[in-house]
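Worksheet: one structure, shown below.
The values are calculated or read from the model by the stated rules, or taken from the named source; none is laboratory data. Quick caveat, the model's predicted, so the values are computed rather than measured. Every residue, glycine as well, gets a Cβ built from its backbone with ideal geometry; the counts of neighbours run over all protein chains shown. Protein only, heavy atoms only, side chains kept; ligands, DNA and RNA dropped before computing areas. Shrake-Rupley method; radii C 1.70, N 1.55, O 1.52, S 1.80 Å.
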Amino acid sequence: MRCGAYELGIAEITALRNAYRTELSRRAVATRAAIVGTISQNKLESLLGLSHGYISKLAHAKQVPSVALTTLLALIAASPFLRIHEIRNADYHAKECAAALLKLRSFIGVRKLELLLDLSSGYLSKVAHTVDKKAPGRPLVILLVMLAAEPDRLREVDLYWMTPKKRNLEE
């Protein structure tokens, strides 16, 4: 060991992974409650390109959401009527990811965005260059385009993922 570093064992890694998944699920369920008063669960699933029953699986801890989906749900929950209206009236396609990423680069580094959304290193660059081959999931496409449309939302996302202690210091 050096500099006070601690090597994690399998048990610690498993516990951290489980806590992380539990927190993703908890946050998705909490945002769902704020959104469902504005739109039915089925319509929300359809709007976000999710399979029928997916949100119910989140609510019953049968499925763990991606960070991109959890973040998108948080953005929608912050202003459900306006953001649902925005998503309904926009045309989100994977080909828009490249333009969205180009715009977002001037506000946030691509790697920082990947870290914020728990994406592997280089994933967003691949998305920007291989749109025709393998498109990212619709929630990620919607999220990236929404962030690019209003880059101030990056601050909202950053605050959402901060620990409560750090969030209080920032506010």
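Numerical summary
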{"read-out": "Rg/Rg_ref, segment 68-153, where Rg_ref = 2.2 N^0.38 Å and atoms are Cα", "value": "1.02"}
{"read-out": "Of the DSSP H helices in the chain, those whose Cα atoms cover at least 27 Å axially and whose Kyte score averages -0.5 or more", "value": "10-35"}
{"read-out": "FRET efficiency, 1/(1 + (r/R0)^6) with R0 45 Å, evaluated for ASN89 and ASN18 via beta carbons", "value": "0.70"}
{"read-out": "Taking the chain and dividing mean pair separation by its residue count, relative contact order in percent (alpha carbons under 8 Å, at least six apart)", "value": "23"}
{"read-out": "Options ALA78, GLN63, SER121, ranked by Cα towards positive dipole end of segment 63-130, top entry (Cβ charges)", "value": "SER121"}
{"read-out": "Among TYR20, LEU143, LEU154 the positive-end extreme of the charge dipole of the chain (Cβ point charges)", "value": "TYR20"}
{"read-out": "Hydrodynamic radius by Kirkwood, which averages 1/r over all alpha carbon pairs of the chain, in angstrom", "value": "17.2"}
{"read-out": "Size of electric dipole in the chain: Cβ of Lys, Arg +1 and of Asp, Glu -1, about Cα centre, debye, nearest 20", "value": "260"}
{"read-out": "Among 28-36, 73-81, 101-109, the order from most to least packed when residues are scored by Cβ within 10 Å on average", "value": "73-81, 28-36, 101-109"}
{"read-out": "Carbon plus sulfur fraction of accessible area for segment 1-79, probe 1.4 Å, in percent", "value": "56"}
{"read-out": "Non-local Lys pairs in segment 1-140, i.e. 8 or more apart or on different chains, that have alpha carbons under 22 Å apart", "value": "12"}
{"read-out": "Gain on full stretching of the segment that runs from SER51 to LEU159 - 0.36 nm per residue minus C-alpha separation", "value": "36.0 nm"}
